[in-house]
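Below is one structure, written out as structure tokens; comments come after it.
The values are calculated or read from the model by the stated rules, or taken from the named source; none is laboratory data. Since we're looking at a predicted model, the values are computed, not measured. Using ideal geometry, Cβ is built from the backbone for each residue, glycine included, and neighbour counts are taken over all protein chains shown. For the accessible areas, the whole protein counts, side chains as well, though only heavy atoms, and no ligand, DNA or RNA atoms are used. Shrake-Rupley method; radii C 1.70, N 1.55, O 1.52, S 1.80 Å.
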Amino acid sequence: MSKIRVAVAGPRGRMGSEAVKMILQDDELQLVCGIDYKHEGEDIGEVLGLQPAGAPIDINFGQALAIHKPDVVVDFTTPDIVKENMVIAIRHGVRPVVGTTGLSPDDIKELDELCRNHNTGAIIAPNFAIGAVLMMKFAQEAAKYMPHVEIIEQHHDRKLDAPSGTAVKTAEMIREARQELKQGHPDEKEVLDGARGAYYGGFRIHSVRLPGLVAHQEVIFGAVGQTLTIRHDSINRESFMPGVNLAVKEVMKRTALIYGLEKIMV
Ligand code: NAP
């Protein structure tokens, strides 16, 4: 069986470097290049302080795909370039597996259409940790019975977007499960702007940013005389890699855009 050829965009980053290591450890995958804006021509392994990986860094996204012909490009870059990266990849017939957050629902719709037009699969997962996906599913289930809910997400202070992609995805899943419901006191007033968090479909999302955190989320449900808290913690970035590995293999079988790891977990 031939190996799946994989490129990593953002290979020096906290997530990208873990993805590089995961790919190098899997005999079914072949790392063909990294895509960065510096270290042109250098070996990815050496740039990361590992053994030489036999895969160079290219600084031009489209050129890297044309030269190294990956089957899949794993993207852990930044919210401002991820959409353009995906468009270029899909037009080259290269399947994107995207962990970079910050894509809007309109972006996702547009990218899905592009995938279908090019008969190419893509997977976007706001959270590749299996436990986080379970947290979202359990929260969706709980919302049917306990519709009063708030989300508190906590991340390291290098994160660019707020709320997190996981919080937005959780909120979407909760909204599918319950009727829109305006929570809190009808005459509630914020004494300090933002005190009640971001409003989404009748409930609130709160974002905490602190050094020392990785990625954590609590979904708190309240009902008369009781609360239910569903919490997930990623304590390191290896926690995301089984999900990235699954997505790289699964995307090869797809011809449309999949949004959310839960859609490929069996
Ligand atoms: P990070 O450490 O800042 O990594 C981003 C990398 O992309 C950096 O090495 C950065 O280089 C590089 N970069 C910037 N511009 C680039 C360009 N034009 N081309 C190629 N590379 C470029 O961030 P991270 O913590 O790994 O997170 C990356 C993304 O993944 C974020 O959107 C984050 O929210 C998301 N994330 C997703 C999951 C998930 O499970 N889906 C989990 C954690 C994080 P410089 O540092 O030199 O600028």
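Structure data summary
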read-out: Rounded tilt (10° steps) of 105-118 against the dominant C-alpha axis of the chain; value: 40 degrees
read-out: Cα-based shape type of region 1-73, given that a ≥ b ≥ c are square roots of the gyration tensor eigenvalues and the cut on a/c is 1.5; value: oblate
read-out: Accessible area in square angstrom per residue, the chain, 1.4 angstrom probe; value: 49 Å²
read-out: Point-charge dipole on Cβ atoms (K/R +1, D/E -1) for region 130-235, about Cα centre, debye to 20; value: 160 debye
read-out: Relative packing of peptides 99-112, 24-37 - highest average C-beta neighbours within 10 Å first; value: 24-37, 99-112
read-out: Cα gyration tensor category, rounded, prolate or oblate, for the chain with a/c compared to 1.5; value: prolate
read-out: Cα lying deepest toward the dipole's positive end in region 115-266, options ALA162, SER207, VAL244, charges on Cβ; value: VAL244
read-out: 18 Å Cα-Cα reach of LYS144 towards aspartates and glutamates, excluding residues that sit fewer than 8 places from it in its own chain; value: GLU172, GLU176, GLU180, GLU218
read-out: Among beta bridges that DSSP assigns inside region 1-114, antiparallel share in %, nearest 5; value: 5 percent
read-out: Rounded, prolate or oblate (a/c below 1.5 giving rounded, otherwise prolate when a/b exceeds b/c) for region 107-219 by Cα gyration tensor; value: prolate
read-out: Angle in degrees between helix 82-91 and the longest Cα principal axis of the chain, rounded to the nearest 10; value: 50 degrees
read-out: Share of carbon and sulfur in the accessible heavy-atom surface of region 182-266 [1.4 Å probe, %]; value: 58 percent
read-out: Hits among lysines - C-alpha to C-alpha of LYS263 under 17 Å, sequence gap 8 or more where chains match; value: LYS109, LYS137, LYS169, LYS249, LYS253
read-out: Extension gain from THR78 to THR227, taking 0.36 nm per residue of separation minus the Cα-Cα distance; value: 50.0 nm
read-out: Rounded to 5, percent antiparallel among DSSP beta bridges of region 116-225; value: 65 percent
read-out: Share antiparallel - DSSP beta bridges, the chain, percent rounded to 5; value: 45 percent
read-out: Helix axis angle, 165-177 relative to the chain longest principal axis, alpha carbon, degrees; value: 50 degrees
